[in-house]
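Structure, as structure tokens:
The values are calculated or read from the model by the stated rules, or taken from the named source; none is laboratory data. All figures in this text were calculated on a predicted structure; none of them were measured in a lab. Reconstructed Cβ throughout: ideal geometry from the backbone, glycine too, with neighbour counts over all protein chains shown.
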Amino acid sequence: MEQLINPLPTLFIVGIIIIVGFYFGRDIRYLRLPSIIGFIILGALLGPSVLNLLDHSTQEELSFITEIALSFVALSIGLELRFSSIKNLGRGIVYIILFESFAAFLLVLIGIYLLTGNIALAILFGSVAPASAPAGTVAVIQEYRAKGSLTKALYAVVGFDDGLAIIIFGFSAAFARILLTGEASNNIWMKMFVPLVEIFFSIAIGIILAMVLSLFLKRAHYIGDIVILVFGFIFISSGICKIFHFSFILMNLVVGMVLVNTQPNSLIKRIHERLQIFLPFLFILFFTLAGSNLHFRTLPSLGLIGIVYIIMRSMGKFGGSMLGALFGHVDEKIKKYIGLGILSQAGVAIGLSVIIKDEFQGLGKVVEVVNGQAIHSGDRIGTIIITTIMATCVFFEIIGPILTKIALQKAGEINLEK
């Protein structure tokens, strides 16, 4: 649809998003839905499919908001991960992360292969499936002030499974490239270790930044000074990730983990209090921008591949987490409900699909010639994956927070008076 109004300043648009998003989020709760569903609906209305107020250029201009939001979400997750709490949860958390990630990978791989007969396409779809979206889960937990063992387990799982997802993707993408090109060279095999390097430096730099931040915090006596320092270091951390293509989520999660396990409880409580004021503002912008990526015209192209992806990924996440919880001997309510809280998928998965589209361009055999331009199998795979993942992420970002709320409610960890 053509844009209905004249181009507006970006700051004006941001102001509209904040104010209207606030009321959308508040009113959607009358339907017993999390506020972020209202933000996503608003984004879809403001996006290219309807009003086009958030057109592609504006989305690109505001993309830094997504990076900031993910960074602070990761910090807030890290601040919940005390070693003592993780120890109390036991090895079950490790089992859950491993089982749900690999189950999603394998089931999607099998489902897409049985449907298409294309092993490279199936491997790449499977490699994207383990990635989750911690922002949706954290937003629901904070909105309803959830507390309990399931809440702690959700923080741990959504915090760490993206790291494993990146490793799975790195190895899978390298193997898929070998299948398409037949080039099993040392260079190809070296690419498999790139994700391991990314994980290592994300963790190492996160630890260093947290230790330096801790030294600064010891000299800060006023809450305002503490907040400024924390925000400054998180911005620096995110900038480093942007420059070197490290993981925003993992690095800032590590910063939060180091802080919560080394600093006094009183200091951590002060940081928490300020984050709870600041995060809802970021959630409005983040999820409205996410909703603006919904293109109604692409929904019919979702097709059978998208349906199979949704079903198999959901089965893998839910079934794998239950199996991991069973092997890990965790609390009964974690075993029953953890799978419902980890279905959200957004930024990381979309980022991986963009990488596939870029890196597989021109690879493989020529399958079609359009207007004199050769279309390779790698081109077609990239187009199929990015289109499908964009559409299915909208589905998961809507259904994921709803199921997270249901899980927390059934586990008795939601503050019903909120």
Practice task
Quick one: count up the residues across segment 61-105 that are over 20 Å from the mean Cα position of the chain (by Cα) and within 17 Å of Met312 (Cα to Cα).
Solution key: 0
Practice task
Would you tally the residues in segment 89-146 being assigned to a loop (DSSP other than H, G, I, E, B), surrounded by fewer than 24 Cβ atoms within 10 Å (Cβ to Cβ) and among the small types (Gly, Ala, Ser)?
Solution key: 2
Problem - Any hit, segment 170-192, residues being at pLDDT 85 or above, in a helix (DSSP H, G or I), in contact with a helix residue (DSSP H, G or I) (Cβ under 6 Å, 6 or more places away or on another chain) and surrounded by fewer than 20 Cβ atoms within 10 Å (Cβ to Cβ) - result: no
Practice task
Filter segment 9-43 for residues that are under 21 Å from Glu61 (Cα atoms), among the hydrophobic types (A, V, I, L, M, F, W, C) and at pLDDT 80 or above and give the result.
Solution key: Leu11, Phe12, Ile13, Val14, Ile16, Ile17, Ile18, Ile19, Val20, Phe39, Ile41, Leu42
Practice task
Among what's in segment 291-308 and is under 17 Å from the mean Cα position of the chain (by Cα) and not aliphatic (A, V, I, L, M), pick the residue that is modelled with the lowest pLDDT.
Solution key: Asn293
Completion exercise
Quick count over segment 217-254, residues being more than 18 Å from Glu67 (Cα to Cα) and out of contact with any Phe, Trp or Tyr (no Cβ under 8 Å at 6 or more places or on another chain), is 12
Practice task
Would you mind stating whether Ile234 is assigned to a helix (DSSP H, G or I), crowded, with 19+ Cβ neighbours inside 10 Å and either without any contact (Cβ under 8 Å) to a residue 60 or more places away in the chain or not hydroxyl-bearing (Ser, Thr, Tyr) (or both)?
Solution key: yes
Practice task
Kindly establish whether Ile243 is loosely packed, with under 14 Cβ neighbours inside 10 Å and either in a helix (DSSP H, G or I) or touching a residue at least 40 places away in the same chain (Cβ under 8 Å) (or both).
Solution key: yes
Handout entry: Enumeration of residues in segment 382-402 that are within 30 Å of Glu332 (Cβ to Cβ) and surrounded by fewer than 23 Cβ atoms within 10 Å (Cβ to Cβ)
Key = Phe395, Ile398, Ile399, Ile402
Handout entry: Residues that are touching a Lys or Arg at 6+ places or on another chain (Cβ under 9 Å) and either surrounded by fewer than 21 Cβ atoms within 10 Å (Cβ to Cβ) or farther than 15 Å from Val158 by Cα (or both), drawn from segment 66-80
Key = Glu67
